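Single-structure report; data block below.
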Amino acid sequence: MDWSRAKSALIVAFLVLDLFLGWQVRNRVVGMEPGSDLTVADVRSVQAKIEAGGVRVECPLPRSRPSLSYLVVRPGTAVLRDTQARLLGAEDSPGGLATLLDNGVLIYTREVGSHAGAMPKNDAIGAARAFVERFAGRPMDLEFDYAVALGEAWLINFCSKFDGKPVFDSYARVLVRGAEVAEARFSWFEPVGYSQQRRSVVASTDAVMAAVAELGGGARGQSVAGVSLGYHSEPYDAKQWESVPVWRVLFGSGQAVYVNAHTGEVERPERPGR
Amino acid sequence: MRIPEPFATVSLVVLVGLSLAMSGWLLMGVPGTAPSSDQPFTLEVAEKPNVDMQSVLGPSRIVLHFGENRHTVVLRGSADYRTLWGGGLLQRAALGRVSGPPREVPVNIKAIRSEAGGIELLYPVKVPVSYLVRLWTGYAWTGGQDFLTDRVVLSVAGDPAAFAYSCDHEKFFRLDVTPVPKEAAELASHLKYMSGGSHPRWVQAPAEINGVAVAEGILLPQSGYAVPALEVRGEQTDPDAIVQKFFLDRSVVRRIDERDGAVIYMGGQQGLRIYPPGAIDYRCLLEPEKAPLLDYPTALEKALEFVAGHGGLPEGIHPADLAGRGRGMGLQEVRLSYCWRGYPVWGAEAPIVVGLSSQGVGLYVRNVRVVLAPVNLSRPMMSPEKALDILSRHWATVFPEGVKRSVKDIQIGYWSLPAGETQDVMKPVWVIESESGLKGFVDAESGAVWGEERTGP
């Protein structure tokens with residue numbers, strides 16, 4: 001037998017087998033790498049499909065698919081207590097009631113006088129920003145997120161960021177009625193660090209489709225006002241927990257749907273063993 | 001072109017090694033890249049763990065009658081139990097050949113209990129007699145009418161027979177058995193040896209203790225009988241090691257650290273809570289089912305296979321007649337407990353609960369304590385008569401409308417606290433069951449009544 005020839009044949013056979021296996025392994029591993037970006041054509045195609053269902057898309061849909069880990073957060077109750085103290089005790093306290101709920105949300109309300117209609121949007125944002133900077137301040141470091149018109153009032157939402165990504169559950173929502181802040185709601189979760197391996201996120205277009213499907217018939221006539229990638233989790237009465245990467249699909253009515261950016265499923269609250 | 005020989009050899013070895021490594025990765029799963037695991041555990045497992053049903057559904061107590069009101073009780077886990085049941089001596093000698101249907105015949109059980117060589121097998125739960133016969137003999141039941149039983153009386157002398165108590169009919173039915181002469185002689189010899197040995201003696205309970213009627217056939221240990229308390233801890237629980245058993249893809253599971261030290265893992269429809277003392281509570285949301293899924297023995301086997309693969313089978317695991325967790329979830333619950341040296345562990349909840357449906361396992365609670373060492377009680381163990389007196393007074397207070405004041409069983413066990421509660425010591429309890437099916441648990445050291453459990457078929 002010609003061993004040399006047989007060896008060469010085996011080398012060729014194993015080379016082919018290894019190439020095949022390598023491709024399979026690569027396909028498995030690729031899920032941990034950033035996904036390939038959407039093309040303009042991909043986005044347009046999905047946008048057309050959504051609009052055919054009676055939903056307007058009024059914002060650009062992100063085309064990138066970065067890979068993200070989970071974000072570990074813990075309740076920022078102490079920070080909220082400071083905010084509560086400032087709201088109630090500061091020299092320039094606006095008065096009113098500030099209540100810290102068990103779920104870690106601080107609610108502020110105050111009586112405001114009569115008013116002659118809503119302020120212009122930018123003025124309302126300015127008033128809300130001044131209020132938030134005065135009473136929330138650092139470490140919440142909130143940034144303007146979105147504004148929703150509610151008749152004679154504006155609901156202005158600010159959101160905290162970690163490593164440039166919004167943490168949707170760390171927010172301040174301020175209701176500006178007339179020219180005054182009438183209500184505010186603060187929530188703050190302190191980021192601890194990342195956990196889990198990084199995984200590429202699903203396409204923003206898939207998330208929008210899932211969000212529209214979640215609203216069902218209620219989506220018709222609505223508009224998609226914003227699609228952004230960040231972190232979200234239900235608040236827990238716990239020491240700390242993992243917040244997952246989500247696509248937040250914001251509709252024109254102010255309704256937000258959170259779509260798990262790893263699984264593509266809409267996030268719904270649930271809890272075992274209770 | 002000809003490849004140089006040494007280079008060809010090295011290349012071939014490298015290529016073979018590479019292919020083996022990549023095949024392994026693909027088979028075992030490249031870390032963090034497994035497919036979505038948002039699925040319940042199916043009831044069909046590719047590789048069935050080895051579950052010894054003879055042992056799981058063996059009698060919890062074997063009562064041996066030596067005549068002249070001399071008896072002993074052999075507990076699961078003892079050397080005698082291993083000889084009589086684990087080694088298969090009793091099955092071969094007295095139960096290996098069961099022929100014909102069960103017959104309702106007049107039988108004097110009292111006489112069997114008083115004669116030397118009478119044997120009683122007491123089961124922890126009611127089991128279809130057909131299933132027991134299949135376990136004893138190894139062949140399918142062809143005996144006709146089936147019924148639930150929890151007690152089988154064997155008469156090995158004279159006219160050999162097994163009398164299975166029908167819980168449905170509240171009477172004994174005779175099963176004809178044909179002993180194998182050689183094995184029967186070996187059994188008789190072993191019983192003779194035991195009757196003369198230093199085994200703890202048990203005596204027939206009086207017909208009435210402090211005004212409470214006691215059913216015939218209940219045996220009580222002679223004075224001086226004592227069992228220790230047990231120093232225990234929860235099972236070792238490295239949360240990250242446990243979670244791998246429940247979620248194939250950890251990367252889609254989120255972790256919540258509770259303030260009390262419990263850790264929750266959630267992924268899709270699945271949730272797993274790991275309590276700091278070492279218990280676990282797994283749930284998977286399944287579609288509700290109306291009809292029962294499986295007959296009890298099959299459900300039991302499926303549940304045991306699941307337990308074996310998710311924490312292992314604790315020593316002396318057996319079905320338990322205790323409350324479960326998560327009733328009303330539309331699942332078929334199998335409740336299990338375990339033993340320390342044959343003494344069963346009781347509690348307000350069954351230590352192990354598996355909830356099954358045709359879609360898979362929807363519930364798994366595991367609250368097993370690991371025994372570190374036996375420890376002496378701080379005072380002498382209470383007598384069963386005293387325990388019965390305490391329980392009788394307690395029931396009179398708790399159930400002013402009255403409980404049937406007659407006792408059908410008295411045994412010793414250990415009391416385990418519910419999942420999530422830290423327990424350093426498990427204390428022995430007298431477990432007293434009334435004719436109405438109410439079980440009471442009396443701390444054998446302090447006399448505290450730990451709770452009542454109303455059991456049913």
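The values are calculated or read from the model by the stated rules, or taken from the named source; none is laboratory data. All of these numbers come straight from a predicted model, not from anything done at the bench. Here the Cβ is made from the backbone with ideal geometry for all residues, glycine too, and neighbour counts use every protein chain on show. For accessibility, only protein heavy atoms count, side chains too; no ligands or nucleic acids. Shrake-Rupley method; radii C 1.70, N 1.55, O 1.52, S 1.80 Å.
To keep it simple, each residue is scored yes or no on (1) modelled with pLDDT of 80 or more; (2) open to solvent by 20 Å² or more (accessible area, probe 1.4 Å); (3) more than 14 Å from chain A (Cβ to nearest Cβ).
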| site | (1), (2), (3) |
| --- | --- |
| B:G32 | no, yes, no |
| B:K48 | no, yes, yes |
| B:H65 | yes, no, yes |
| B:A94 | yes, no, yes |
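Quick one: which residue in B:A213, B:A241, B:A188 is surrounded by 14 or more Cβ atoms within 10 Å (Cβ to Cβ) and not in a strand (DSSP E or B)? So that I can check it myself, show each step before the final result.
Values: B:A213 fails: not in a strand (DSSP E or B); B:A241 fails: surrounded by 14 or more Cβ atoms within 10 Å (Cβ to Cβ).
Being surrounded by 14 or more Cβ atoms within 10 Å (Cβ to Cβ) and not in a strand (DSSP E or B) holds for just one of B:A213, B:A241, B:A188, which is B:A188.
Can you spot a residue in region B:152-162 that is of a type in the set (D, E, K, R), assigned by TED's automatic domain parsing to the domain that holds B:G88, at pLDDT below 85 and outside any strand (DSSP E or B)? Working first, answer last.
Within region B:152-162, the first condition is being of a type in the set (D, E, K, R), and the residues that meet it are B:159.
Restricting the remaining residues to those that are assigned by TED's automatic domain parsing to the domain that holds B:G88 gives B:159.
Next, only the ones that are at pLDDT below 85 stay: B:159.
If we keep only those that are outside any strand (DSSP E or B) as well, we get B:159.
Among the residues of region B:152-162, at least one is of a type in the set (D, E, K, R), assigned by TED's automatic domain parsing to the domain that holds B:G88, at pLDDT below 85 and outside any strand (DSSP E or B), which makes the answer yes.
Mind listing whichever residues of region B:191-210 are touching a strand residue (DSSP E or B) at 6+ places or on another chain (Cβ under 7 Å) and either within 30 Å of B:K386 (Cβ to Cβ) or part of a loop (DSSP other than H, G, I, E, B) (or both)?
B:M194, B:S195, B:H199, B:P200, B:R201, B:W202, B:V203, B:Q204, B:A205, B:P206, B:A207, B:E208
Looking at (1) open to solvent by 40 Å² or more (accessible area, probe 1.4 Å); (2) touching a residue at least 60 places away in the same chain (Cβ under 8 Å); (3) assigned to a strand (DSSP E or B), find the lone condition where A:A149 falls short.
The number of the failed condition is (2).
Please work out which one of (1) part of a helix (DSSP H, G or I); (2) open to solvent by 10 Å² or more (accessible area, probe 1.4 Å); (3) at negative phi is the condition A:R185 fails and give its number.
Condition not satisfied by A:R185: (1).
Tell me, yes or no, whether region B:154-166 has at least one residue that is open to solvent by 10 Å² or more (accessible area, probe 1.4 Å) and more than 20 Å from B:L89 (Cα to Cα).
yes
Among the residues of region B:389-403, are any over 25 Å from B:A215 (Cβ atoms), at pLDDT below 90 and aliphatic (A, V, I, L, M)?
No, region B:389-403 has no match at all.
Looking only at region A:155-182, how many residues end up being touching a Lys or Arg at 6+ places or on another chain (Cβ under 9 Å) and open to solvent by 40 Å² or more (accessible area, probe 1.4 Å)?
Matching residues across region A:155-182 total 3.
Yes or no: A:V201 crowded, with 19+ Cβ neighbours inside 10 Å, away from chain B (no Cβ under 14 Å) and touching a strand residue (DSSP E or B) at 6+ places or on another chain (Cβ under 6 Å)?
no
Go through A:L106, A:L80, A:L87, A:L38 for me and flag whichever is more than 14 Å from every other protein chain (Cβ to nearest Cβ), part of a loop (DSSP other than H, G, I, E, B) and open to solvent by less than 30 Å² (accessible area, probe 1.4 Å). Don't jump to the end; show me each part of the working.
Values: A:L106 fails: part of a loop (DSSP other than H, G, I, E, B); A:L80 fails: part of a loop (DSSP other than H, G, I, E, B); A:L87 fails: part of a loop (DSSP other than H, G, I, E, B).
The unique qualifying residue is A:L38.
Has region B:270-277 got at least one residue that is open to solvent by 20 Å² or more (accessible area, probe 1.4 Å) and more than 14 Å from every other protein chain (Cβ to nearest Cβ)?
yes
Select from region B:226-238 the residues that are surrounded by 20 or more Cβ atoms within 10 Å (Cβ to Cβ) and within 24 Å of B:G362 (Cβ to Cβ) and list them in ascending order.
Matches in region B:226-238: B:G234 only.
Residues that are in the same structural domain as A:S200 (by TED's automatic domain parsing), open to solvent by less than 30 Å² (accessible area, probe 1.4 Å) and in contact with a Cys (Cβ under 9 Å, 6 or more places away or on another chain): list the strands (runs of 3 or more DSSP E) wholly contained in region A:210-273 that include at least 3 such residues.
The strands (runs of 3 or more DSSP E) meeting that bar are A:223-232.
Sort out which residues of region B:231-245 are modelled with pLDDT of 85 or more and farther than 11 Å from B:G311 by Cβ, and write them in order of number.
Passing the criteria: B:E231, B:V232, B:R233, B:G234, B:V243.
Out of B:G217, B:G224, B:G309, which single residue is more than 14 Å from chain A (Cβ to nearest Cβ), under 20 Å from the mean Cα position of the chain (by Cα) and not basic (K, R)?
B:G309
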